[in-house]
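Trainee: Input: one structure, supplied below.
The values are calculated or read from the model by the stated rules, or taken from the named source; none is laboratory data. Quick caveat: nothing in here was measured; it's all calculated off a predicted structure. Cβ: placed from backbone, ideal geometry, glycine included. Neighbour counts: every protein chain shown. The area values use the complete protein model at the heavy-atom level, side chains included, leaving out ligands, DNA and RNA. Shrake-Rupley method; radii C 1.70, N 1.55, O 1.52, S 1.80 Å.
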Amino acid sequence: MKDHVRAGWTGAVLVCGKCSKKLDGGFGAKGRVSLAKALRGEDGFGKGRKAEVGVVEVRCLGICPKRAVTIVDSRTPGRWRIVPAGADVEELASVLRG
């Protein structure tokens, strides 16, 4: 049995699932897509182990901002980001890429 699996991730973005559920979408062209799904659609981001940056939706992170979603970039764990509903996902992706 294997004890590990290789992944191409250089980092991971944790997206608060409770914030996403409260917004009921909030991102994308018509505002109907969750932040995690919208980020996974950007170049270099994905769900599988072959993505450059993994996007993982987690349980509540405990911040609970109004009309926004909390995310944590594993490469900068000391700085959590609050992304307001309707924010430009392309711009956010470019900031997260570094």
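Trainee: Within the bounds of region 54-72, is there any residue that is of a type in the set (S, T, N, Q), at pLDDT 95 or above and touching a Gly at 6+ places or on another chain (Cβ under 6 Å)?
Mentor: There is no residue in region 54-72 that is of a type in the set (S, T, N, Q), at pLDDT 95 or above and touching a Gly at 6+ places or on another chain (Cβ under 6 Å).
Trainee: So, one more: Please list, ordered by first then second residue, the pairs with beta carbon atoms under 7 Å, 6 or more apart or interchain, first in region 71-98 and within 13 Å of residue 26 (Cα to Cα) and in contact (Cβ under 8 Å) with a residue 40 or more places away in the chain, second part of a helix (DSSP H, G or I) and open to solvent by less than 60 Å² (accessible area, probe 1.4 Å).
Mentor: Short answer, once both residue conditions are applied: 83/35; 83/92; 85/23; 89/38; 89/39.
Trainee: Filter the helices (runs of 4 or more DSSP H) completely within the chain down to those with at least 1 residues that are surrounded by fewer than 18 Cβ atoms within 10 Å (Cβ to Cβ).
Mentor: Values: elements: 17-23, 35-40, 89-97.
Result: 17-23, 89-97.
Trainee: Residues being in contact with a strand residue (DSSP E or B) (Cβ under 8 Å, 6 or more places away or on another chain) and at positive phi: count how many of those fall in region 12-32. Even if it seems obvious, please write down each step before you answer.
Mentor: Step one: of region 12-32, the residues in contact with a strand residue (DSSP E or B) (Cβ under 8 Å, 6 or more places away or on another chain) are 12-17, 19-20, 23, 25-27.
Subsequent filtering for residues that are at positive phi retains 25-26.
The total comes to 2.
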